[in-house]
């Protein structure tokens, strides 16, 4: 509980300084967490090249197998596996949600296309981290020891890099949580600010509610959280995709930047 209270307090501190402070925090934290996680993950994977090759082959062999056991979907249908993959992919990369366009639109840059390229690169980076995590579970064989659980990566780091591995993971995950919470809070504040015309009182209320929800999230069962996220993703993605479709058929001169 103390860690979540600390994260909530840190998010409040960052958000009180606006988008500029969030950008300053993120620019310092993101490289640290990325390098730490990728370095330790690759060091574990490269310890056993034959197992890595076998795991890669296993992924392709079972990608469209209705009885694939990978990822805890034992006996699941292809449709269910694809559905879970799509939802988790959207959750990780935010592709199709339109949320990542908010912080990119606030960036101070001379060329808008640079932010578009950066946005696409961030999706690839998220996908790369997800692939690393999945391969860690497969290469080490942790996935076959018991039911699917949220602590698989922690177990991998603890067993394969005893002593320091688990602490590196916890530190990296903490930074991931911090930057994600700050980014999502910023997105919400920008959207909510439009609705209330940046009224300071309502904005402060939103901030207090958001920080409270970050702490309350530690008390909610994980299964319930995933169900809530899967439901809300639809309410975010559908309007965004409709908007993108409409914009795609607008005349170029209407969309031309002034």
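We did not get these values from a lab; they are worked out from the coordinates using the rules stated. As the structure is a computational prediction, the values presented were derived from the model and not from experiment. Every residue, glycine among them, receives a Cβ derived from its backbone with ideal geometry; neighbour counts consider all protein chains shown.
Structure values in brief
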quantity	calculated
Residues 173, 220, 211 arranged by fewest to most Cβ contacts within 10 Å	220, 173, 211
Square roots of five times the Cα gyration tensor eigenvalues for region 29-199, Å	33, 21, 15
Kirkwood hydrodynamic radius of region 128-258, from inverse mean 1/r over distinct Cα pairs, in Å	18.8 Å
105, 122 arranged by Cβ crowding within 10 Å, fewest neighbours leading	105, 122
Full-stretch length increase - residue 180, residue 106 - with 0.36 nm per residue and alpha-carbon distance subtracted	25.0 nm
Added length on full extension, which subtracts the Cα-Cα distance from 0.36 nm per residue, residue 57 to residue 209	50.1 nm
